[in-house]
Amino acid sequence: MNGITSGFGTWNPIAWTLLFIGILIVAFFVRSFGRKDYKRNTGQTKAFLSGNEEPDAPAGLHVSGDNLYWGMVHGLSAYYKRVRKWHSGDLSDYVAWFIGGLALIFVIIVWVG
Amino acid sequence: MNVGNLPFIVSALLVVLGIYTLLFKRNLIKLVIGVSLIETGVNLFLVMLGYRSEGIAPIYTFAPAGERMVLPTPQALTLTSIVIGLATTALLLSFAVFIWRHYGTLDVHKIKELKG
Amino acid sequence: MNGGMSVIVRTVSRFVYGLILVFGFYVIMHGHLTPGGGFQGGAVVASAFALLLVAFGAAGLKGRLNAHLLQSLEEVGALAFLALGFLGIGTAFFYNLLANSGSLFGASVPIGPNSGILDSAGTLPLMNWAVGLKVMTGIASIVIVMLIGARKEETE
Amino acid sequence: MSALSVHAPVLLIAIPLLGAFAVPLIGKLGRGVRDVFVGLIAAFTAALAGLLAADVFGRGGAASVYVLGGKPFNIPLPSGMTAPIRILLEVDGMSAFMGLITALVTITAIAFSFSYWKKRSGGNMYYSLLLLLTAGIFGMEMTGDMFNFFVFLEVTSIAACGLIGFRVWLGRSQEAGFKVMTLYTVSGLFVLLAVGLLYGEHGGLNIAYLAHGLTGGLIDKIALGLLLTGLAMKAGAVPMHMWAPDAYGEAPAPTSAVLVANSQASLYGLFRVLFTLFGITVSAATTGWILIGFALLTIFVGVTMALVQNDIKRLIAYGAVSQIGYMLLGVGVGLATIVAKPAYGLVAMQGGIFHMINDAACIGLLFLVAGAISRAAGTRDLNKMGGLAHTMKYTSVFFVIGAFALAGVPPFNGFASKFLIYEASFKLSPFLAIIAILSSILLLAVFVKAFQGAFLGPRPASPGGGEAPLGMLIPMAVLTLVVIAFGLFPGFFVERIVTPAARALWFGRDAYISAILGG
């Protein structure tokens, strides 16, 4: 009753959730086999930067959301430059998009279909 | 008198003129006029749909017997559309007033704070 | 502009004002018989207010037109329209309970061309009045609000 | 009880309208009285929508007609046929389903507004416009007449733009209001032009009557093109979506949620036109593939644009745009295959339609959260806020659940509907499913960015507002519960409400016509 089936696959959230919780329990169980000789507050927990000093983060540093995907946005800059130009903020452009879409759909419906 | 297809051509012309105004004019007030032009074109089209040649207004009060009447439904549609157009125009104009207050301009190419 | 326009305009508009009002109310009242109705008549009445505003300026009319009162009346008109719709809910929404009932506006209408009976059509004339009230007050308050907005620009 | 459900279609329009006109008068009695009144109106409307849904789904989603102004609505013509007169409302499974969505979104948005507008003036007009918008949306969903559909479309346009530009002290909201109103009006006028063309060609305005007479000639095709573009614009399909981020972003936060319901009502109108009005009189494969094309563009452009936004409401708004694409994809696959009627076509329809209610709940929740945090942080810029999880524990949990659900992370509701869409569109073409899945993953990345920016990081220097007030938390909690319930028991909801709605569109054209012409 609570699952859905598409005819090719099936999705049962209750079973999935139970399985997820089970795997979580197993994971914690496996984790309990871990090394007990791990020492807190020693050099073991420090970051290792090729032997260099770890620079101190300035107080209140926050990696803002903008920084997260900088690389990805940079890699796609050709795409983004174009798409951002579409969203120019100019009302006339928006009306032009609408008229253009209308013309395209006319062409498709009247001539193709 | 046969008016033929002339009103349909006029209504198409009005719609095209309105679209032209929206695309190429810069002043917000002119854009509102453009919207009104499209609306007028559509309204003219609707009224023309109900026209029958030699028809009189579809009202029974003091109507001569046996006369042809034009269709009343498109007229009702047009009236409703005019009422909506009034509200739309009033709202657009008051937005234009407030934009003038905040931005100090009515040039549509300069009102681009929201983009990207 | 605050003082209004020239004495010719003011005199003529003082004269025409009453005529416009009478014509507007006529259009509302005969909405079920002749061309027009609540919206058209209301717009005509509101145009009389607009005429006064243009001729005398907002300062000249200070206190005569109360925007808050107008807005309240607008809501009353809309509510009256809805109430007339609910009147027939026993059968269906908008059911014309009063038509052909013999009571107020209850005279039956002959089919075909006729000379028009004012006391007919049931709830339709009442709806015209409700719409007329809403439209005349609504458009008048729009005009007033816009004029006040324009005046602020001039003084700033 | 039964009388209420008989009159429910018209009461759904009349009661919010009554509220909208009475609020400015009742508001003179005081703020508390007004809030109680608005709450009662909203609760009654939601109860009516529930009653209507129970009634319609109890009959398996069959179409029923409500006649305004009297019982007989057919006049016999000299030719022996009948033609419908009077104003008709026609409700089938899809309408009742949309009514449920609207009721869910509006009641939570209004409940949230009580707390959101507590300190500001002008609440009377705000609630008036919000209830007017609600009435318009219900009208679009219940009407059985093309012209009345246009009228309600314009009612929602005007009320929505009044709300977008409601905060007249903000220049950006005025700019958004002007742009959105212009585009709404132009698209609405093209819809009216199409209605006029159909009237001139077939001499009627009733959807069933028009559907009966349609032949698929040139005029019909032109009308279809106008309706398709106009309604797709109002639903926010790329490349006509540019108004959507402006509108959702600049409207007051609870209103943004209702605006999404408004877009979905336009989407409903599009589906009604394509399935019930035109059906297979025009090439359904062509229109179906047009929808799929719109869908792919909408999904991809929406999600990639969301990735680069720094304003939290604009970010969610682009997310909302991309979700419209999933609905278009599911229903487009169903439309493209409507002639052959393979099993996966109905599955795609179910997915697309199920996604509507899931999207309404998730996006509504996210917009409410955005309202709460932008109030607490005093800004909407993700680069300027941070560390809100320290003070707003419940709100951050709600945000995570809403974001996961929207991005399609199991076991939340977004996954359940996207699962159906993926599976069915994969059957039609693997390419569609790949784009859809890829964009879902990108959407998760988008919300990770938003969560990182707003909630994580060191405790903010300024103390801020602390946790959102209880009046905001309760509506968010209600929507979260809906999200979780739909996620954990999708089978129940798909069987009870989604399948009747999907079948009403997919199979129900003849039944819809005969409910009026054959009765």
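Read-outs throughout are calculated quantities, based only on the coordinates presented, and are distinct from any laboratory measurement. Remember, predicted model here, so these are calculated numbers, not experimental data. In this analysis, Cβ positions are derived from the backbone assuming ideal geometry, glycine residues included, and neighbour counts consider all displayed protein chains.
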- With x for Gly and Pro, the residue-by-residue ³J(HN,Hα) of the stretch D:233-249, computed from phi through the Karplus equation 6.51 cos²θ - 1.76 cosθ + 1.60 at θ = phi - 60° and given in whole Hz, is 4, 6, 7, x, 7, 5, x, 10, 9, 4, 6, 5, x, 4, 5, 5, x
- Query: Quick one: if you stick a label point 7 Å off each Cα along the C-beta vector at D:Ala485 and D:Ala285, how many nm between them?
  - Reply: 4.3
- the stretch C:83-103-the stretch D:97-123 distance, computed between alpha-carbon centres (Å): 33
- Query: Taking the Cα centre of the protein assembly as shown as the origin, how large is its charge dipole in debye, to the nearest 20, when only Lys and Arg (+1) and Asp and Glu (-1) carry charge on their Cβ atoms?
  - Reply: 1720
- Set the Förster radius R0 to 41 Å, insert the Cβ-Cβ distance between B:Ala65 and B:Lys115 as r into 1/(1 + (r/R0)^6), and round the FRET efficiency to 0.05. 0.05
- Item | Residue-wise HN-Hα coupling along the stretch D:343-355, computed from phi with Karplus coefficients 6.51, -1.76, 1.60 (Hz; x: Gly, Pro) | 4, 6, x, 5, 4, 5, 4, 4, x, x, 6, 4, 5
- Task: Hey, can you grab everything whose amide H is under 5 Å from the amide H of D:Ile87? Only 5+ residues off in sequence or another chain; H modelled, so Pro and N-termini drop out.
- Result: D:Leu68
- Item | Label point distance in nm, D:Lys118-D:Asn74, each placed 7 Å from Cα along Cα→Cβ | 5.7
- Query: How far is the Cα center of the stretch D:429-504 from the Cα center of the stretch D:163-218, in Å?
  - Reply: 31
- In debye to the nearest 20, how big a dipole does chain D give about its Cα centre with +1 on each Lys and Arg Cβ and -1 on each Asp and Glu Cβ? 1040
- Note on the structure: Note on the stretch C:7-155: alpha-carbon gyration tensor, axes a ≥ b ≥ c; rule is a/c under 1.5 for rounded, else prolate if a/b larger than b/c, else oblate; result oblate
- Query: Could you give the nm distance between label points at C:Val145 and C:Leu19, where each point is 7 Å from its Cα heading toward the beta carbon?
  - Reply: 3.2
- Task: Of the options D:Leu227, D:Ile85, D:Ala284, report the single residue whose Cα projects farthest towards the positive end of the charge dipole of chain D (beta-carbon charges: Lys, Arg +1; Asp, Glu -1).
- Result: D:Leu227
- Just name one of B:Thr40, D:Gly302, D:Leu442: the one whose Cα is farthest towards the positive end of the charge dipole of the protein assembly as shown (beta-carbon charges, Lys/Arg +1, Asp/Glu -1). D:Leu442
- Query: So which of B:Lys25/B:Lys115; A:Lys81/B:Lys110; B:Lys30/B:Lys115; D:Lys393/D:Lys449; A:Lys85/D:Lys313; B:Lys25/C:Lys134 end up more than 29 Å apart, counting from Cα to Cα?
  - Reply: B:Lys25/C:Lys134
- If R0 = 35 Å, then A:Asn41 and D:Tyr394, at their Cβ-Cβ distance, give a FRET efficiency to the nearest 0.05 of 0.55
- Query: Can you list residues whose amide H is under 5 Å from D:Asp311's amide H, if they're 5+ apart or on another chain and H is modeled 1.01 Å from N?
  - Reply: D:Leu382
- Of D:Ser322, C:Ser72, D:Ser115, how do they rank once you tally other Cβ atoms within 10 Å and put the fewest first? C:Ser72, D:Ser115, D:Ser322
- HN-Hα J in Hz across the stretch C:40-57 - Karplus 6.51, -1.76, 1.60, θ = phi - 60°, x for Gly and Pro: 5, x, x, 5, 5, 4, 4, 5, 5, 4, 4, 4, 4, 4, 5, 6, 9, x
- Amide H to amide H under 5 Å from C:Asn114: which residues, 5+ apart in sequence or cross-chain, H placed 1.01 Å off N in plane? B:Thr61, B:Phe62, B:Ala63
- Note on the structure: Computed about the Cα centre, the charge dipole of chain B from +1 Lys/Arg and -1 Asp/Glu charges at the Cβ has a magnitude in debye, to the nearest 20, of 520
- Mind jotting down the distance between the C-alpha centroids of the stretch D:323-383 and the stretch C:129-150, whole Å? 40
- Message: Checking the cross-link filter: which aspartates and glutamates have an alpha carbon closer than 15 Å to that of D:Lys118, excluding same-chain neighbours under 8 positions apart?
- Response: D:Asp35
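Determine, for D:Tyr248, A:Tyr69, the number of other Cβ atoms within 10 Å of each Cβ, and report the residues in order from fewest to most.
A:Tyr69, D:Tyr248
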- Given the candidates D:Ile363, D:Gly457, D:Val321, the one whose Cα lies deepest towards the positive end of the charge dipole of the stretch D:283-488, counting +1 at each Lys or Arg C-beta and -1 at each Asp or Glu C-beta, is D:Gly457
- Task: Using the number of other C-beta atoms within 10 angstrom as an exposure proxy, rank A:Trp70, A:Trp97, C:Trp129, A:Trp16 with the fewest first.
- Result: A:Trp70, A:Trp16, A:Trp97, C:Trp129
- Query: How much mean residue ellipticity at 222 nm does the protein assembly as shown get from its helices, if each DSSP H run of length 4 or more adds -39500 (n - 2.57) and you divide by all residues, to the nearest 500 deg cm²/dmol?
  - Reply: -23000 deg cm²/dmol
